[in-house]
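Participant: Here it is: the structure, laid out below.
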Amino acid sequence: MKLYHTLARSQYLLNNLFKYPYTKIEFVLKDLGVTRLTAANYLNKLAKDGLLRKEKPGTGSCYINTALFELLKRT
């Protein structure tokens, strides 16, 4: 639960998650100014909890904001 409060306070992370229907570790790393490990931990935790869907197209991981993706598909 503590992680959710930390993430909720991060306007940069929220902006990143809703700017596009997907994100990558590199995007979070740049936007939040955190280490690669921290960015990966944030995204993996959100994927584990079902808020994002993790996919591996090629060498890197891509995290899909499924709710936003579905909303955009309907418009």
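Participant: Using only the alpha carbons of the chain, determine the length spanned along each of the three principal axes and report them from longest to shortest in whole angstroms.
Facilitator: Reported extents, whole Å, longest axis first: 33, 29, 21.
Participant: Give the order of 25, 64 when sorted by the count of other beta carbons within 10 angstrom, beginning with the fewest. List each step's numbers first, then the result.
Facilitator: Values: 25 21, 64 16.
By the 10 Å Cβ count, ascending: 64, 25.
Participant: OK, next. Once every DSSP H run of n ≥ 4 in the chain is given -39500 (n - 2.57) and the sum is divided by its residues, what mean residue ellipticity at 222 nm do you get, rounded to the nearest 500 deg cm²/dmol? Could the numbers behind the result be given before it?
Facilitator: Details: 5 runs with 47 residues, N = 75.
The helix-only estimate for the chain comes to -18000 deg cm²/dmol at 222 nm.
Participant: May I pose another question? Lysine pairs in the chain with Cα distance under 17 Å, only those 8 or more apart or on different chains: how many are there?
Facilitator: 11
Participant: Sticking with this one: Full-extension gain between residue 11 and residue 72, please, as 0.36 nm times their residue separation minus the C-alpha to C-alpha distance. Kindly include the intermediate steps, with their values, before the conclusion.
Facilitator: Details: separation 61, 0.36 × 61 = 21.96 nm, distance 2.15 nm.
The residue 11-residue 72 span can extend by a further 19.8 nm.
Participant: Please arrange 34, 28 by how many other C-beta atoms lie within 10 Å of their C-beta, fewest to most.
Facilitator: Neighbour counts put them in this order, fewest first: 34, 28.
Participant: Shifting gears a bit: So how much slack lies between residue 41 and residue 20, counting 0.36 nm per residue of separation and subtracting their Cα-Cα distance, in nm? Walk me through the numbers on the way to the answer.
Facilitator: Values: separation 21, 0.36 × 21 = 7.56 nm, distance 1.97 nm.
Computed gain between residue 41 and residue 20 is 5.6 nm.
Every read-out reported here was derived from the displayed coordinates using simple, explicitly stated rules and does not represent laboratory data. Remember, predicted model here, so these are calculated numbers, not experimental data. Positions of Cβ are backbone-derived with ideal geometry, glycine not excepted, and every protein chain shown enters the neighbour counts.
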